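Trainee: Here's a structure for you.
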Amino acid sequence: MNLERAMGRAWMEVDEDALVYNYRLAKSLCDEKTVFMCVVKANAYGLGLARTVETLRGAGAEWFAVAAPEEAYIVRKAAPVAHILLLGPAGEGELPYLIGQGISLTVGSVAEAKRASQAAEKVGKPALVHVKLDTGLHRLGFTEAGEALKIKDLPGLEFEGIYSHLALRSREQSMEQERLFTTMANEIEAGGLHAPLRHLVDSIGLTRYPQWQMDAVRVGAFLYGNVPVKWERFSEGKNVVRFKARVTRVAWVKAGEGVGYDDTPLARDTLVATLSVGYIDGYPRSLSQKGLVALHGKKAPVLGLVCMDQMMIDVTEIPETQAGDIVTLLGGEIDLRDYAQWGSLNRNECMGVIGRRVPRVYFREGKAVCVSAEMDAIK
């Protein structure tokens with residue numbers, strides 16, 4: 001797909017210079033020997049997995065973390081010699097493929113470890129394993145060191161790491177999690193299960209508790225411009241994503257009429273612009289009548305209910321609006337924090353849900369250098 005076609009309806013612009021800048025900024029917070037894992041799950045938080053991995057790899061990244069086996073395979077193709085950690089569980093049928101490609105597994109129970117061991121024996125290659133400990137998030141992982149030690153002598157397992165995840169509910173609770181993690185990891189080490197990498201913190205954890213870097217950190221949101229807002233150097237992070245769409249129609253609608261599926265009557269005659277984007281493209285319906293978009297250096301409110309493929313905005317105060325104009329939905333003048341607040345959204349969710357039919361246009365030094373589109377198969 002060429003640039004003109006990619007920018008004909010709705011698209012995401014990815015600033016690769018900003019991505020690399022944020023990577024280097026986050027990495028500057030780490031000790032020289034700390035392993036830096038780039039978390040690229042959820043299609044690299046919506047940016048496009050393969051291209052993002054290639055860009056980060058070019059900037060020096062050596063470790064990547066994903067949530068699903070399918071993501072791991074894409075990363076392996078994009079970065080043949082990189083280290084890849086699968087953070088989530090893997091089905092029994094996936095294990096031989098993951099082990100065969102040298103992808104590190106997360107193991108949080110004896111049953112999971114036994115399945116990995118059996119698969120490794122069949123493949124004839126050791127399974128690289130990170131032992132997951134549940135220290136308070138209560139999602140995955142061993143809750144007792146003694147239980148984790150039951151897996152230390154299983155054949156075919158090569159232990160790379162021990163890790164946990166902060167719930168970040170409060171400073172007191174985080175401190176308790178760190179204490180519990182260190183205690184359990186020490187007991188596991190003393191019991192004979194040796195793993196070189198201990199890791200606990202993510203993007204927020206790295207900025208709040210840099211003293212807990214241990215041997216590795218897992219950084220995702222920070223890379224993509226979602227820099228922790230309570231970090232004292234927050235303003236140094238750069239916006240990576242801009243979500244845009246075209247105006248397709250501009251028309252006056254009389255007072256008393258409703259717009260779209262919403263039957264709320266307009267209070268005045270209103271100049272309504274239709275945009276070629278909807279909730280299936282990733283503009284959340286929760287932003288209906290709450291969100292703002294930007295065009296011609298001004299902001300316009302969302303009108304009515306966001307439709308599946310289209311939405312409407314009030315451009316009465318922007319009468320120069322014409323069909324074909326470009327509207328910024330997220331990024332630039334539309335701050336990620338405001339966008340999330342309007343729709344009661346998680347900030348990662350805002351980017352991650354942008355639909356796969358929305359082309360990604362990648363920029364370097366202000367110029368488009370690459371287009372990636374789900375619809376590339378259609379000529």
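The values are calculated or read from the model by the stated rules, or taken from the named source; none is laboratory data. Remember, predicted model here, so these are calculated numbers, not experimental data. FYI the Cβ positions are ideal-geometry reconstructions off the backbone, even for glycines, and counts take in every protein chain you see. To get the accessible areas, we keep the full protein, side chains included, count just its heavy atoms, and leave off ligands, DNA and RNA. Shrake-Rupley method; radii C 1.70, N 1.55, O 1.52, S 1.80 Å.
Trainee: Could you grab the pairs with beta carbons closer than 8 Å, sequence gap of 6+ or different chains, first residue in the stretch 4-20 and open to solvent by 10 Å² or more (accessible area, probe 1.4 Å), second one of a type in the set (D, E) and modelled with pLDDT of 95 or more?
Mentor: D17/E365
Conditions (1) under 21 Å from G141 (Cα atoms); (2) open to solvent by less than 10 Å² (accessible area, probe 1.4 Å); (3) assigned to a helix (DSSP H, G or I), marked per residue:
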| position | (1), (2), (3) |
| --- | --- |
| R57 | no, no, yes |
| F64 | yes, yes, no |
| I74 | no, no, yes |
| K77 | no, no, yes |
| V81 | no, no, no |
| E92 | yes, no, no |
| L98 | yes, yes, yes |
| E112 | yes, no, yes |
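Trainee: Same structure again: When the stretch 315-351 is examined, which residues are found to be crowded, with 20+ Cβ neighbours inside 10 Å and within 21 Å of D269 (Cβ to Cβ)?
Mentor: Within the stretch 315-351, V315, T321 qualify.
Trainee: Considering every residue within the stretch 223-237, establish whether at least one is touching a strand residue (DSSP E or B) at 6+ places or on another chain (Cβ under 7 Å), open to solvent by 10 Å² or more (accessible area, probe 1.4 Å) and not aromatic (F, W, Y).
Mentor: Within the stretch 223-237 (the criterion being touching a strand residue (DSSP E or B) at 6+ places or on another chain (Cβ under 7 Å), open to solvent by 10 Å² or more (accessible area, probe 1.4 Å) and not aromatic (F, W, Y)), the answer is yes, since at least one residue qualifies.
Trainee: Any residue at all in the stretch 146-158 that is modelled with pLDDT of 95 or more, touching a strand residue (DSSP E or B) at 6+ places or on another chain (Cβ under 8 Å), acidic (D, E) and open to solvent by less than 70 Å² (accessible area, probe 1.4 Å)?
Mentor: Checked the stretch 146-158: no residue is modelled with pLDDT of 95 or more, touching a strand residue (DSSP E or B) at 6+ places or on another chain (Cβ under 8 Å), acidic (D, E) and open to solvent by less than 70 Å² (accessible area, probe 1.4 Å).
Trainee: OK, next. Scan (1) at positive phi; (2) in contact with a Phe, Trp or Tyr (Cβ under 7 Å, 6 or more places away or on another chain); (3) of a type outside the set (V, I, T) for the single condition G192 breaks and write down its number.
Mentor: Against the list (1) at positive phi; (2) in contact with a Phe, Trp or Tyr (Cβ under 7 Å, 6 or more places away or on another chain); (3) of a type outside the set (V, I, T), G192 comes up short only on (2).
Trainee: Among the residues of the stretch 191-212, is any within 26 Å of V353 (Cα to Cα), in a helix (DSSP H, G or I), open to solvent by less than 20 Å² (accessible area, probe 1.4 Å) and of a type in the set (G, A, S)? Walk me through how you get there before you give the answer.
Mentor: Step one: filter the stretch 191-212 for residues within 26 Å of V353 (Cα to Cα), giving 201-207.
From what is left, the residues that are in a helix (DSSP H, G or I) are 203-207.
Next, only the ones that are open to solvent by less than 20 Å² (accessible area, probe 1.4 Å) stay: 203, 205-206.
Then keep just the ones that are of a type in the set (G, A, S); that gives 203, 205.
Yes, there is a match, as at least one residue in the stretch 191-212 is within 26 Å of V353 (Cα to Cα), in a helix (DSSP H, G or I), open to solvent by less than 20 Å² (accessible area, probe 1.4 Å) and of a type in the set (G, A, S).
Trainee: Condition check: assigned to a loop (DSSP other than H, G, I, E, B) and either in contact with a His (Cβ under 7 Å, 6 or more places away or on another chain) or surrounded by fewer than 18 Cβ atoms within 10 Å (Cβ to Cβ) (or both). Does H138 satisfy that?
Mentor: Details: assigned to a loop (DSSP other than H, G, I, E, B): yes; either in contact with a His (Cβ under 7 Å, 6 or more places away or on another chain) or surrounded by fewer than 18 Cβ atoms within 10 Å (Cβ to Cβ) (or both): yes.
In short, yes.
Trainee: Identify the single condition in (1) surrounded by 15 or more Cβ atoms within 10 Å (Cβ to Cβ); (2) among the charged types (D, E, K, R); (3) in contact (Cβ under 8 Å) with a residue 60 or more places away in the chain that K299 does not satisfy, given that it satisfies every other one.
Mentor: The one condition K299 does not meet is (3).
Trainee: Can you tell me how many residues in the stretch 10-39 are in a helix (DSSP H, G or I), aromatic (F, W, Y) and over 15 Å from the mean Cα position of the chain (by Cα)? So that I can check it myself, show each step before the final result.
Mentor: Here is the first cut: in the stretch 10-39, the residues in a helix (DSSP H, G or I) are 16-28.
Restricting the remaining residues to those that are aromatic (F, W, Y) gives 21, 23.
Next, from what is left, pick out any that are over 15 Å from the mean Cα position of the chain (by Cα): 21.
Counting residues in the stretch 10-39 that are in a helix (DSSP H, G or I), aromatic (F, W, Y) and over 15 Å from the mean Cα position of the chain (by Cα) gives 1.
Trainee: Moving on to the next point. Kindly establish whether S170 is within 27 Å of L49 (Cα to Cα), surrounded by fewer than 20 Cβ atoms within 10 Å (Cβ to Cβ) and out of contact with any Lys or Arg (no Cβ under 9 Å at 6 or more places or on another chain).
Mentor: Details: within 27 Å of L49 (Cα to Cα): no; surrounded by fewer than 20 Cβ atoms within 10 Å (Cβ to Cβ): yes; out of contact with any Lys or Arg (no Cβ under 9 Å at 6 or more places or on another chain): yes.
Answer is no for this residue.
Trainee: Here is a further query. Could you count how many residues in the stretch 21-35 are closer than 23 Å to F234 by Cβ and either among the basic types (K, R) or open to solvent by 10 Å² or more (accessible area, probe 1.4 Å) (or both)? Before you say what the answer is, go through the steps one by one.
Mentor: Of the residues in the stretch 21-35, the ones closer than 23 Å to F234 by Cβ are 21-31, 34.
The next check asks that each one be either among the basic types (K, R) or open to solvent by 10 Å² or more (accessible area, probe 1.4 Å) (or both); those that pass are 21, 24-25, 27-31, 34.
Number of matching residues: 9.
Trainee: Give the residue that is modelled with the lowest pLDDT, with candidates limited to residues of the stretch 334-379 that are within 17 Å of R246 (Cβ to Cβ) and not in a strand (DSSP E or B).
Mentor: Kept after step one, since they are within 17 Å of R246 (Cβ to Cβ), are these residues of the stretch 334-379: 334, 354-355, 357-361, 368, 371, 373, 375.
If we keep only those that are not in a strand (DSSP E or B) as well, we get 354-355, 357-359, 373, 375.
Values: I354: 97, G355: 94, R357: 93, V358: 97, P359: 96, A373: 71, M375: 57.
Of everything passing the filter in the stretch 334-379, M375 is modelled with the lowest pLDDT.
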